[in-house]
Amino acid sequence: MRKSLPARVLVSIAGLFVALLFLFPTYWMFTTSLKTPGDVLSPKYDLIPTSATLSNFASALTKPGFVTYLTNSLIVTLGAVLAALVVGVLAAIPLARFRFRGRKGFLLLILVAQLAPLSALFIPMYLLMRDIGLLNTLPSLLLVYFATSLPFTVWMLYGFVNGIPYDLEEAAMIDGCSRVGAFRRVTLPLLGPGLVTTSVFSFITAWNEFLFALVFMRDQSKQTLPVWLSSFKTAFSIDWGGVMAASVIYAIPAVIFFLIVQRKLVSGMTAGAVKG
């Protein structure tokens with residue numbers, strides 16, 4: 001049924017209010033990054049700054065270790081996401097395509113692993129990395145991010161693979177394709193939105209992680225950008241302008257990535273909503 005004009009207007013107003021509610025902290029962060037230290041600490045807040053400066057961005061970009069921290073974050077995040085996607089696809093295909101003993105129990109185990117809080121895994125992972133000699137190394141963070149994102153990746157990709165009709169693969173095999181060829185030529189292209197959606201959520205989880213990077217990495221040269229953001233706090237003060245400028249710089253790659261994959265992300269989220 002089509003909604004009446006007043007109902008559509010109310011829904012639009014409510015949606016606009018929710019959008020502004022979520023966008024205002026980002027706007028606050030951006031405007032604060034353009035303020036001088038005196039304006040940042042002023043009790044009066046101007047929605048539209050009367051003056052702007054780029055000194056906060058200059059100090060953030062020239063802060064020691066920025067390039068190193070950025071490189072470390074990219075290595076561990078992209079490495080963990082790529083590894084989780086490869087293993088997740090290899091696990092999701094048999095779970096969705098084959099019926100074997102213990103399949104439902106394994107799916108339940110994946111869901112339980114996904115529900116476990118990261119704080120409960122911190123001490124066991126720390127002891128494990130210490131015993132195998134990987135503390136204070138980038139592979140330790142990569143393995144941790146891979147392990148924490150893998151259950152979510154498998155669960156999501158299972159839904160996507162399960163939503164692709166198996167008849168398409170059978171038709172390709174009738175036409176001469178092997179099982180691997182049918183998957184590569186038919187299923188894998190259709191799985192593109194699912195891979196994008198899963199990689200985005202896994203990327204955000206690893207990109208924003210702070211606690212493991214802070215404790216596992218003892219050398220500053222091996223820490224990541226979230227730890228770099230905390231360096232703007234000293235024993236005597238906090239450089240709020242620098243923090244906001246660094247946060248804007250930190251968010252730019254994620255925003256660009258979202259803009260690039262927006263269409264596939266929305267279609268992927270819809271396509272993954274299937275019954276197991």
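The values are calculated or read from the model by the stated rules, or taken from the named source; none is laboratory data. Since we're looking at a predicted model, the values are computed, not measured. All Cβ positions, even for glycine, are placed from backbone atoms using ideal geometry, and neighbour counts span all protein chains on display. Ligands, DNA and RNA are excluded from the accessible area calculation, which covers all protein heavy atoms including side chains. Shrake-Rupley method; radii C 1.70, N 1.55, O 1.52, S 1.80 Å.
Points worth noting:
- Shape call, the range 1-132: gyration tensor on alpha carbons, a/c limit 1.5: oblate
- Ranked order, 104, 222 - accessible area, probe 1.4 Å, largest first: 104, 222
- Charges were assigned to the Cβ only: +1 to each Lys and Arg, -1 to each Asp and Glu. The resulting dipole of the chain about its Cα centre is roughly 680 debye.
- Percent breakdown of C-alpha pair distances by 5 Å bin, ordered from the shortest bin, for the range 5-52: 5, 19, 21, 14, 11, 10, 9, 7, 4, 1
- Heavy-atom accessible area ranking, 1.4 Å probe, most first, across 170, 209: 170, 209
- The chain: angle of helix 5-33 to the longest principal axis, Cα-based, in degrees nearest 10: 60 degrees
- Around the Cα centre of the range 101-177, unit charges on the Cβ atoms of Lys, Arg, Asp and Glu (plus for the first two, minus for the last two) sum to a dipole of about 460 debye.
- Using a simple spin-label model with pseudo-atoms 7 Å out from Cα toward Cβ, residue 137 and residue 58 lie 4.2 nm apart.
- Listed residues 90, 225, 123: farthest to the positive end of the dipole of the chain (Cβ charges): 90
- Label point distance in nm, residue 90-residue 256, each placed 7 Å from Cα along Cα→Cβ: 3.2 nm
- Förster radius 22 Å - calculated FRET efficiency between residue 238 and residue 36 (Cβ-Cβ, nearest 0.05): 0.90
- Shown for the chain: the carbon plus sulfur share of the solvent-accessible area, taken with all protein chains present and a 1.4 angstrom probe, equals 72%.
- Per residue value of the accessible surface for the chain (all protein chains in place, 1.4 Å probe), Å²: 60 Å²
- Pairwise centroid distance, computed over Cα atoms, of the range 217-253 with the range 30-50, Å: 20 Å
- Whether the chain is rounded, prolate or oblate, judged on the alpha carbon gyration tensor where a/c under 1.5 counts as rounded: oblate
- The trypsin sites (Lys or Arg not before Pro) found in the range 1-45 that occupy coil by DSSP, while having at most 10 further C-beta atoms within 10 Å, are 2, 3, 44.
- With contacts taken as Cα pairs under 8 Å at a separation of at least 6 residues, the chain carries a relative contact order of 31 percent.
- Highest-first packing order for the peptide set 11-23, 110-122, 183-195 is 183-195, 110-122, 11-23, based on the mean count of other beta carbon atoms within 10 Å.
- Here's the picture: charge each Lys and Arg Cβ at +1 and each Asp and Glu Cβ at -1 in the chain, and of 72, 7, 241 the one pushed furthest to the positive end of that dipole is 7.
- Listed residues 203, 154, 50: farthest to the positive end of the dipole of the chain (Cβ charges): 154
- Longest to shortest principal axis, alpha-carbon extents of the range 195-240, angstrom: 45, 25, 15
- In terms of overall dimensions, the C-alpha atoms belonging to the range 118-183 reach 53, 21, 14 Å along their principal axes, ordered largest to smallest.
- Relative to the longest principal axis of the Cα atoms of the chain, the long axis of helix 103-115 makes an angle of roughly 0 degrees.
- Summed residue charge, Cβ within 12 Å of residue 182's Cβ, Lys/Arg positive, Asp/Glu negative: 0
- Computed over the range 77-177, the P(r) curve from all C-alpha pair distances, binned at 10 Å from the origin, holds 14, 36, 29, 14, 6, 1 percent per bin.
- Equivalent ellipsoid, the range 124-272 (semi-axes from 5 times Cα gyration tensor eigenvalues, Å): 40, 21, 11
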